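Novice: Dumping the structure here so I can ask a few things about it.
The values are calculated or read from the model by the stated rules, or taken from the named source; none is laboratory data. Predicted model only: the values in this text are computed from it and were never measured. For neighbour counting, all protein chains shown are included, and Cβ atoms are generated from backbone atoms with ideal geometry for every residue, glycine included. Please note that ligands, DNA and RNA were not included when accessible areas were found on the heavy atoms of the full protein model with its side chains. Shrake-Rupley method; radii C 1.70, N 1.55, O 1.52, S 1.80 Å.
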Amino acid sequence: MSTDQTRLAILAAAERLYADRGFGEVTLRDIVAEAEVNLAAVNYHFGSKDELIAELYVSRSVALNRERLTELKAAEDAGGGPAALDDVIAALVGPPLRGCLGPDRQRSAAARFMVRASAESVPVIRRIRTREIGHLRRFAAALRRALPQAPEADIYWALHFALAMTHETINGAERLQRLSGGACDLDDVAGIVARITAAVVQTLAARATAAKTATVPVRRAARPRA
C-alpha cells in the first residue's frame, strides 16, 4: 500500500474496532492486525494510541460541526436575518441525532464510533471537547439574536441542556426503548429532534419572558386627593 493508503487503512481499522469493542479494549496490535500493516506504520503516522484516537475524533467532529453551521446559516439565510429560535436549536441537535440514530445509521462504524466517544470517558476526547467550542459560540450568538431579552446565563444553559439531551438520547437509546416498551420510536429521528427542540425552546422562552416581566417597573395607583 502507498503511504496514504496505509494511513487510511489504519484509521478505518481503528474506527471499526473502537466502535465494536470500545476504547479500553482495543490495543495498537489489534489495530495493526485489522489493518494488515506493521506497528511501525502506526507509530510513523500517529505516534501513539491517543494521537490516533484524537485524529479520528477530530475528523468526525469537524464534519459534524460543519454540518451544524451549514444548517444554522441556511436558517439565517431563509429568514433574511436572525434565525428562528427553534431553527437554531434544531441545527445544533439535528446532525448528531441523524448521524447516530435511525435504521440507516445505527450500523455504520462512524456512527458507532461517535456513540462510543460520547459514552466513554476518554481523556484525550474530553480535552478536545473542552477546547473546541468555537462553533458553540456561533450558536450562542444566534440564540441571542433570536431572543435578545434572554438572560446571558440562560443562553448557555440552553445550549448545555440541548447537548446533554442529545448525548443522553444517543447513549441511552436502547435503555429508553426497553423502558418504554417500544412506545418511544428511536427510528423517528425527526420526531426526536422536534421533541428536544421544543423542550429547550419552551424553557428558554419562558425564562426570557419571566426575566423581562421582572424588570418592568410596577406603577403605583395615584392616591386620591384630600
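Novice: Could you list all residues from segment 153-175 that are of a type in the set (A, V, I, L, M, F, W, C) and surrounded by 14 or more Cβ atoms within 10 Å (Cβ to Cβ)?
Specialist: The answer is 155, 157, 158, 159, 161, 162, 163, 165, 170, 173.
Novice: May I ask you to verify whether residue 72 is part of a helix (DSSP H, G or I), of a type outside the set (Ser, Thr, Tyr), within 30 Å of residue 150 (Cβ to Cβ) and within 22 Å of the chain's Cα centre (by Cα)?
Specialist: Numbers: part of a helix (DSSP H, G or I): yes; of a type outside the set (Ser, Thr, Tyr): yes; within 30 Å of residue 150 (Cβ to Cβ): yes; within 22 Å of the chain's Cα centre (by Cα): yes.
Here the answer is yes, as residue 72 does meet what is asked.
Novice: Return the pair list, or none, for Cβ contacts closer than 7 Å from residues in segment 189-212 that are open to solvent by less than 30 Å² (accessible area, probe 1.4 Å) to residues that are in a helix (DSSP H, G or I) and basic (Lys, Arg), at least 6 apart or on different chains.
Specialist: Pairs that qualify, where the first residue is open to solvent by less than 30 Å² (accessible area, probe 1.4 Å) and the partner is in a helix (DSSP H, G or I) and basic (Lys, Arg), are 189/98.
Novice: Further question on the same structure: Restricting to segment 130-160, and then to whatever is of a type outside the set (A, V, I, L, M, F, W, C) and either touching a Ser or Thr at 6+ places or on another chain (Cβ under 8 Å) or in contact (Cβ under 8 Å) with a residue 60 or more places away in the chain (or both), can you tell me which residue is farthest from residue 54 (Cα to Cα)?
Specialist: Once the filter is applied, the top-ranked residue is 149.
Novice: Please give the number of the condition residue 145 fails out of (1) surrounded by 15 or more Cβ atoms within 10 Å (Cβ to Cβ); (2) of a type outside the set (Asp, Glu); (3) in contact with a Pro (Cβ under 8 Å, 6 or more places away or on another chain).
Specialist: The one condition residue 145 does not meet is (1).
Novice: Turning to a different aspect of this structure: Within segment 33-50, is even one residue more than 14 Å from the chain's Cα centre (by Cα), of a type in the set (A, V, I, L, M, F, W, C), within 23 Å of residue 168 (Cβ to Cβ) and outside any helix (DSSP H, G or I)? Full working, then the answer.
Specialist: Taking segment 33-50 as the starting set, the residues that turn out to be more than 14 Å from the chain's Cα centre (by Cα) are 33-50.
Filter once more, so that each one left must be of a type in the set (A, V, I, L, M, F, W, C): 33, 35, 37, 39-42, 46.
Next, from what is left, pick out any that are within 23 Å of residue 168 (Cβ to Cβ): none.
Among the residues of segment 33-50, not one is more than 14 Å from the chain's Cα centre (by Cα), of a type in the set (A, V, I, L, M, F, W, C), within 23 Å of residue 168 (Cβ to Cβ) and outside any helix (DSSP H, G or I), which makes the answer no.
Novice: Can you pull out the residues in segment 1-26 that are farther than 17 Å from residue 125 by Cα and among the β-branched types (Val, Ile, Thr)?
Specialist: Across segment 1-26, the qualifying residues are 3, 6, 10.
Novice: Could I ask something else about it? Scan segment 75-129 residue by residue and report those that are surrounded by 14 or more Cβ atoms within 10 Å (Cβ to Cβ) and of a type in the set (S, T, N, Q).
Specialist: 106, 108, 118
Novice: Answer yes or no as to whether residue 8 is more than 15 Å from residue 111 (Cα to Cα) and buried (at least 18 other Cβ atoms within 10 Å of the Cβ).
Specialist: In short, no.
Novice: Within the bounds of segment 60-74, is there any residue that is among the β-branched types (Val, Ile, Thr) and open to solvent by 40 Å² or more (accessible area, probe 1.4 Å)?
Specialist: For segment 60-74, residues among the β-branched types (Val, Ile, Thr) and open to solvent by 40 Å² or more (accessible area, probe 1.4 Å): present.
Novice: Looking at (1) among the acidic types (Asp, Glu); (2) under 20 Å from residue 160 (Cβ atoms); (3) buried (at least 18 other Cβ atoms within 10 Å of the Cβ), can you tell me which one residue 132 breaks?
Specialist: (3)
Novice: Just name the residue that is nearest to residue 68 (Cα to Cα) out of those in segment 163-189 that are part of a helix (DSSP H, G or I) and among the acidic types (Asp, Glu). Explain how you work it out, then say what you get.
Specialist: Step one: filter segment 163-189 for residues part of a helix (DSSP H, G or I), giving 163-171, 173-179, 189.
From what's left, among the acidic types (Asp, Glu): 168, 174.
Working: 168: 19, 174: 25 Å.
The qualifying residue nearest to residue 68 (Cα to Cα) is 168.
Novice: Please pick out the residue among 19, 83, 91, 63 that is under 21 Å from the mean Cα position of the chain (by Cα), not hydroxyl-bearing (Ser, Thr, Tyr) and not in a helix (DSSP H, G or I).
Specialist: 83
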